[in-house]
Amino acid sequence: MLRIATLFPDLLGTYGDGGNGLVLAERARRRGHDVRLITMELGDELPEAEIYLLGGGEDGPQRLARDLLIEGSFVSRVHDGATVLAVCAGLQILGETFSVEGDDEFEGLGIVDVRTKRGRSRAVGEMLVDVGGRELVGFENHGGETSLGEGVAPLGRVRRGRGNDGTVDGFRKDSIWATYAHGPVLALNPWFADEILQTALGQELDPLVSVADDLYSERVAALSLR
Ligand code: GLN
């Protein structure tokens, strides 16, 4: 049984990020896996799961989500090897500090050595990121700029958009992926969904051809042209 938990979609559900859970569940089921898709609502204990999903959110809800997550067992589950996909506010929460509202700095969960400061302007628009030779598409809407600590690898190199800082997007550490791309990002990038599933399942998945591949190719082509 593969358990996939979407954490606080009421707080971290901006731009349809909850769809990432649906995509992972459906792509795993179509390969014959037994899947349980769980939603952690406000007031719930952290569910046991192999994959945890954190979405984007406004500054206030982002701080509340951080406060709630630091109380429970989330940090230790991630240190024990749970697979995580974190988008935008979710990415910022995993880091050491974030200051997205005014100059006040807030403690993150301290899971990864990254820090987010308020950027000079808000980054809004479509993104194209080169992830080890594969393209990741999505769109971003955030005020934060993130810097990576020594030894933290970015998810990829930004070809369009800002991502962390105009040069790279997100980070990848052990079984944690983080990106500024909404979309929901796994609906837009089937290969990325499968990479996360394969890590969580510890096995290769059979190819799964669907209309999502055509839409992905069209989007990459359109963004590469402009
Ligand atoms: N509140 C954060 C920022 O503006 C994250 C925004 C988001 O998740 N879209 O940087």
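The values are calculated or read from the model by the stated rules, or taken from the named source; none is laboratory data. Since the structure is predicted, the reported quantities are computational estimates derived from the model, not experimental observations. Positions of Cβ are backbone-derived with ideal geometry, glycine not excepted, and every protein chain shown enters the neighbour counts. Ligands, DNA and RNA are excluded from the accessible area calculation, which covers all protein heavy atoms including side chains. Shrake-Rupley method; radii C 1.70, N 1.55, O 1.52, S 1.80 Å.
Structure data summary
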{"quantity": "Pair list, Cβ under 9 Å, 6 or more apart: segment 15-34 residue on the phi > 0 side of the Ramachandran plot, other residue acidic (Asp, Glu)", "calculated": "GLY32/ASP206"}
{"quantity": "Unmet requirement for LEU42, which otherwise passes all of (1) over 30 Å from VAL124 (Cβ atoms); (2) surrounded by fewer than 16 Cβ atoms within 10 Å (Cβ to Cβ)", "calculated": "(1)"}
{"quantity": "Qualifying residue in segment 78-99 (condition: open to solvent by 20 Å² or more (accessible area, probe 1.4 Å), within 16 Å of the ligand (Cβ to nearest atom) and touching a residue at least 12 places away in the same chain (Cβ under 8 Å))", "calculated": "yes"}
{"quantity": "Among (1) at positive phi; (2) open to solvent by less than 20 Å² (accessible area, probe 1.4 Å), the one test that GLY151 misses", "calculated": "(2)"}
{"quantity": "Residue that is free of Cβ contacts under 8 Å to residues at least 40 places away in the same chain and of a type in the set (A, V, I, L, M), where the choices are LEU188, LEU148, LEU128", "calculated": "LEU148"}
{"quantity": "Any hit, segment 207-216, residues being in contact with a Leu (Cβ under 9 Å, 6 or more places away or on another chain) and open to solvent by less than 20 Å² (accessible area, probe 1.4 Å)", "calculated": "no"}
{"quantity": "Test: residue in segment 111-118 that is open to solvent by 80 Å² or more (accessible area, probe 1.4 Å), more than 12 Å from the ligand (Cβ to nearest atom) and modelled with pLDDT of 95 or more", "calculated": "yes"}
